[in-house]
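Some notes on the structure that comes next.
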Amino acid sequence: MDHSATFSFFGSLNDFIPVSKRGQPLPYCFAGAPAVKDAIEALGVPHPEVEVILINGQPVDFYRPLQAGDQVAIYPAASRAQHPESYSVRAGLLPPDAFVLDVHLGKLVRALRMLGFDSCYRNDYTDKDISHIAQSENRIALTRDVGLLKQKSIRWGYWLRSQLLTEQLGEVISCFHLKKKFRPFTRCIACNGPIVEVQKESVVTQLPPKTKLYFDEFYQCNCCGRVYWKGSHYERMQEFIGRYLNP
């Protein structure tokens with residue numbers, strides 16, 4: 001026998017709902033007793049974007065079986081302050097400060113590394129690779145692919161709404177409250193390795209002629225050996241970072 005329940009999505013979760021159906025209760029027909037998580041994702045919303053689920057006014061986890069006549073309200077992370085901490089589907093857990101990004105986000109990964117965030121990326125990662133890394137290394141999966149975020153093994157994740165780098169970075173900083181966690185210029189933007197200060201003599205053979213003449217302070221990646229110094233590019237990077245520290 002088929003049953004039905006009614007789902008209401010709030011805030012940014014409506015980004016996953018067809019425009020004509022946003023902001024209104026959605027009927028959902030089902031057989032048996034599926035987990036509420038399965039119903040949420042069948043309606044288009046990936047589970048990592050969900051923070052609170054209320055069924056008939058009571059908080060539940062993703063695995064509560066759906067019953068006929070249930071009234072289901074689903075809230076995003078931005079609404080966390082509206083509910084007691086115990087209502088969260090991830091109560092007691094804090095999101096990590098490390099990321100893994102899909103193939104579409106090569107520019108974003110460089111920006112996150114510039115801010116000091118541990119960010120894994122390769123342009124040949126498959127969805128399986130990303131979900132495995134996210135789970136095994138406790139990383140937030142960032143993607144432009146909604147389907148990737150529906151993989152069961154991904155606990156933390158976010159779907160980038162914008163295709164513009166400046167807006168994407170703002171989304172991630174806002175969603176995961178990163179502003180106070182910036183550690184600029186501590187990671188290599190090329191390979192993600194840690195950067196340390198080094199003596200000029202140890203890297204002098206890697207420097208362009210004019211750099212040898214005009215600069216004396218240098219930093220090097222412990223992993224790939226790339227050398228950094230505070231040239232004109234450094235000033236541009238500081239200006240870029242300042243947009244997010246002082247919006």
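Whether any residue in region 138-154 is in contact with a Cys (Cβ under 8 Å, 6 or more places away or on another chain), assigned to a loop (DSSP other than H, G, I, E, B) and at negative phi is what I want to check. Show your work before the answer.
Quick first cut of region 138-154, residues in contact with a Cys (Cβ under 8 Å, 6 or more places away or on another chain) only: 139.
Okay, now just the ones that are also assigned to a loop (DSSP other than H, G, I, E, B), so 139.
Next, only the ones that are at negative phi stay: 139.
Yes; the residues of region 138-154 include at least one that is in contact with a Cys (Cβ under 8 Å, 6 or more places away or on another chain), assigned to a loop (DSSP other than H, G, I, E, B) and at negative phi.
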Next on the checklist: Being part of a loop (DSSP other than H, G, I, E, B), in contact (Cβ under 8 Å) with a residue 24 or more places away in the chain, surrounded by 15 or more Cβ atoms within 10 Å (Cβ to Cβ) and not assigned by TED's automatic domain parsing to the domain that holds Asp145 is the requirement here; does Gly44 meet it?
Outcome noted: yes
Checklist entry - Which of the residues spanning region 173-221 are of a type in the set (D, E, K, R), touching a helix residue (DSSP H, G or I) at 6+ places or on another chain (Cβ under 9 Å) and without any contact (Cβ under 8 Å) to a residue 24 or more places away in the chain? => result Lys200, Lys212, Asp216, Glu217
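Output yes when any residue across region 95-112 is farther than 16 Å from Gly157 by Cβ and in a loop (DSSP other than H, G, I, E, B), and no when none is. Show your work before the answer.
Start the filter on region 95-112 by keeping residues that are farther than 16 Å from Gly157 by Cβ, which leaves 106-107, 110-111.
Applying the additional criterion that residues be in a loop (DSSP other than H, G, I, E, B) yields none.
No.
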Checklist entry - What about Tyr87, is it of a type in the set (Phe, Trp, Tyr), under 22 Å from Thr166 (Cα atoms) and either in the same structural domain as His177 (by TED's automatic domain parsing) or surrounded by fewer than 20 Cβ atoms within 10 Å (Cβ to Cβ) (or both)? => result no
Next on the checklist: Anything in region 182-239 that is at pLDDT below 90 and within 16 Å of Gly116 (Cα to Cα)? List them, or say none.
Outcome noted: Tyr234, Met237, Gln238, Glu239
Next on the checklist: If Leu94 satisfies all but one of (1) loosely packed, with under 13 Cβ neighbours inside 10 Å; (2) modelled with pLDDT of 95 or more, what's the number of the condition it fails?
Outcome noted: (2)
Next on the checklist: For the condition within 28 Å of Ser131 (Cα to Cα), in contact with a Lys or Arg (Cβ under 8 Å, 6 or more places away or on another chain) and of a type in the set (Asp, Glu), what is the one hit in Asp61, Asp15, Asp38?
Outcome noted: Asp15
Item to check | Identity of the residue in region 11-41, assigned to a loop (DSSP other than H, G, I, E, B) and of a type in the set (A, V, I, L, M, F, W, C), that ends up farthest from Val146 (Cα to Cα) | outcome: Ala33
Item to check | For Ala5: the one exception among (1) of a type in the set (Gly, Ala, Ser); (2) at negative phi; (3) under 23 Å from the mean Cα position of the chain (by Cα) | outcome: (3)
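If you take the residues of region 85-94 that are outside any helix (DSSP H, G or I) and touching a strand residue (DSSP E or B) at 6+ places or on another chain (Cβ under 8 Å), which of them is farthest from Leu13 (Cα to Cα)? Can you show your working first?
The initial filter retains those residues of region 85-94 that are outside any helix (DSSP H, G or I), namely 88-94.
Next, from what is left, pick out any that are touching a strand residue (DSSP E or B) at 6+ places or on another chain (Cβ under 8 Å): 88-90.
Numbers: Ser88: 15, Val89: 15, Arg90: 17 Å.
Filtering first and then ranking leaves Arg90.
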Checklist entry - Does Ala81 satisfy the condition of being within 27 Å of Lys180 (Cα to Cα) and outside the structural domain of His132 (by TED's automatic domain parsing)? => result yes
Item to check | Members of region 53-78 found to be assigned to a strand (DSSP E or B), free of Cβ contacts under 8 Å to residues at least 24 places away in the same chain and either surrounded by 11 or more Cβ atoms within 10 Å (Cβ to Cβ) or outside the structural domain of Glu41 (by TED's automatic domain parsing) (or both), listed by number | outcome: Ile55
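The values are calculated or read from the model by the stated rules, or taken from the named source; none is laboratory data. This structure is a prediction, so every number in the text was calculated from the model and none was measured. So basically every Cβ, Gly included, is an ideal-geometry build from the backbone, and we count neighbours across all protein chains shown.
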